[in-house]
1. If you go through the stretch 217-230 one residue at a time, how many are open to solvent by 70 Å² or more (accessible area, probe 1.4 Å), among the hydrophobic types (A, V, I, L, M, F, W, C) and outside any loop (DSSP other than H, G, I, E, B)?
2. Tally up the residues in the stretch 364-392 that are over 16 Å from residue 433 (Cα atoms) and in contact with a Leu (Cβ under 6 Å, 6 or more places away or on another chain), please.
3. Name the residue, out of 121, 99, that is open to solvent by less than 50 Å² (accessible area, probe 1.4 Å) and not β-branched (Val, Ile, Thr).
4. Filter the stretch 126-149 down to the residues that are of a type outside the set (Gly, Ala, Ser) and within 18 Å of residue 34 (Cβ to Cβ), then identify the one that is surrounded by the most Cβ atoms within 10 Å (Cβ to Cβ).
5. Give the residue, chosen from 164, 110, 160, that is modelled with pLDDT under 95 and farther than 22 Å from residue 252 by Cβ.
6. Quick one: which residue in 112, 96 is in a helix (DSSP H, G or I) and basic (Lys, Arg)?
7. Being over 20 Å from residue 31 (Cα atoms), assigned to a helix (DSSP H, G or I) and of a type in the set (Lys, Arg) is the filter; apply it to the stretch 282-329 and report the residue that is modelled with the highest pLDDT.
8. Show the residue pairs that are 6+ apart or on different chains and have beta-carbon atoms under 9 Å apart, the first residue being within the stretch 405-428 and more than 19 Å from residue 389 (Cα to Cα) and of a type in the set (Ser, Thr, Tyr), the second being open to solvent by less than 40 Å² (accessible area, probe 1.4 Å) and assigned to a helix (DSSP H, G or I).
Amino acid sequence: MNDSSANTMWGGRFAAGPHAIMEAINASIGFDQRMAAQDITGSRAHAAMLAATGIITKQDAQAIDQGLVQVLAEIETGTFAFSTALEDIHMNVEARLSDIIGTPAGRLHTARSRNDQVALDFRIWVRDQCDAAITGIESLMQAFLAQAEAGADWVMPGFTHLQTAQPVTWGHHMLAYVEMLARDKGRFQDARARMNECPLGAAALAGTSFPIDRQMTATALGFDRPTANSLDSVSDRDFALEFLSAASICALHLSRFAEELVIWSSAQFRFVRMSDQFSTGSSIMPQKRNPDAAELLRAKLGRILGATVALFTVMKGLPLAYSKDMQEDKEQVFDAADTLMLGLAAMDGMVRDLTANRATLEAAAASGFSTATDLADWLVRELNLPFREAHHVTGSLVKLAEDKGCDLPDLSIEEMQNVHGQITAAVYSVLGVQNSVASRTSYGGTAPANVRTQIARWKEVLK
């Protein structure tokens with residue numbers, strides 16, 4: 001491939017080639033070659049449409065199509081020679097196509113601009129990443145479901161402010177992440193649906209005078225319809241921003257569970273044991289078992305969130321239509337997509353290999369006066385106390401137990417009656433953690449029966 005073709009690609013307007021510094025800042029082939037398959041797919045559809053509308057001959061379209069298939073094969077086998085002088089993937093492909101088929105290659109760009117070409121390629125690429133994210137999320141949901149099913153009735157402490165609050169079930173905690181991931185999946189599905197309009201045919205910014213068939217190319221490329229405004233088609237990247245926003249929220253959910261794994265696997269908690277595959281040792285402390293995979297995943301959110309902020313910053317002040325600033329739309333999206341998929345795969349593996357310590361979880365659930373709310377609720381139900389009074393009585397009983405160095409169930413009935421004379425021995429029925437979780441039968445509550453119902457529902461949804 002001849003680098004001197006760069007000037008002819010720009011056209012007759014420029015007599016001299018670009019300065020080396022300009023070439024370095026202007027070229028995007030170092031990263032946008034990732035869109036080679038999407039670029040060639042779009043070009044093949046465009047050539048077929050040009051032939052169908054009589055804009056180019058069927059013979060030229062056939063030569064273009066065969067040449068593009070060869071170019072893609074060269075790229076996929078690693079024999080293609082990318083050129084920085086040719087700026088981007090579009091020019092690299094077109095130049096190589098010209099080497100292969102000669103004059104007909106020059107007809108491919110009829111009724112098309114690099115502006116709508118890159119908008120198309122990038123949109124298809126991001127759409128593909130939405131599909132990949134949805135698949136990865138569904139797999140991770142299955143992993144959490146398996147954990148929930150295994151421990152549907154295992155009792156563990158529920159926390160607020162990282163302080164023991166009320167007992168919950170392991171299954172209920174796992175299902176919380178299934179719900180979060182389901183919304184993440186929905187965000188990617190919604191983003192995909194909104195971006196599924198084809199910008200090809202918008203040309204530079206105003207459309208084209210050629211009698212193109214935009215519905216034909218939209219259908220061929222799997223879009224629902226062509227975009228309705230040529231200015232908007234080439235100048236907005238909200239589809240990429242929406243992908244990044246969905247990716248940031250999804251990564252946030254992964255980071256939250258990663259944080260829990262770091263805490264839970266510590267010697268102070270011992271709630272879970274992470275597998276050897278996702279743990280590392282220490283170079284100096286032989287006893288250490290570090291949750292490095294969870295820690296790294298927790299940090300990955302920063303890259304994705306950073307990419308989101310970066311693209312918002314690029315786009316926030318651009319007048320219509322296309323500006324070269326928009327070349328900076330891809331690197332951060334590529335990196336964020338890679339990071340998200342790595343994070344989903346890593347979390348999937350960690351969750352599937354995770355071993356929960358049932359005995360430790362249950363012992364911790366009973367600590368910290370975790371059934372105090374159950375006691376207050378019992379006082380309301382059985383003694384008809386106003387909740388605020390019940391709250392005060394329960395607080396007094398908690399203080400008594402704390403002073404004695406015991407838990408609520410360890411207080412004698414006489415001691416309880418000294419605080420409130422109407423308390424009966426029936427109160428002990430609500431002070432065990434198993435009784436506590438079993439009683440939380442309101443819709444969305446932690447009762448094992450609820451958990452099993454939700455597991456069955458999600459299994460059906462994810463079939």
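The values are calculated or read from the model by the stated rules, or taken from the named source; none is laboratory data. What you are looking at is a predicted structure, and each value in this text was computed from that prediction instead of being measured. Cβ sites come from the backbone with ideal geometry, for glycine too, and all protein chains shown count toward neighbours. We work out accessible area using only protein heavy atoms, side chains counted, and drop any ligands, DNA or RNA first. Shrake-Rupley method; radii C 1.70, N 1.55, O 1.52, S 1.80 Å.
1. Residues that pass the stated criteria total 1.
2. Adding up the residues that qualify gives 3.
3. It is 121.
4. 126
5. On inspection, the qualifying residue turns out to be 164.
6. Just one listed residue meets the conditions, 96.
7. Step by step, filter the stretch 282-329, then rank; the result is 298.
8. Pairs found: 428/413.
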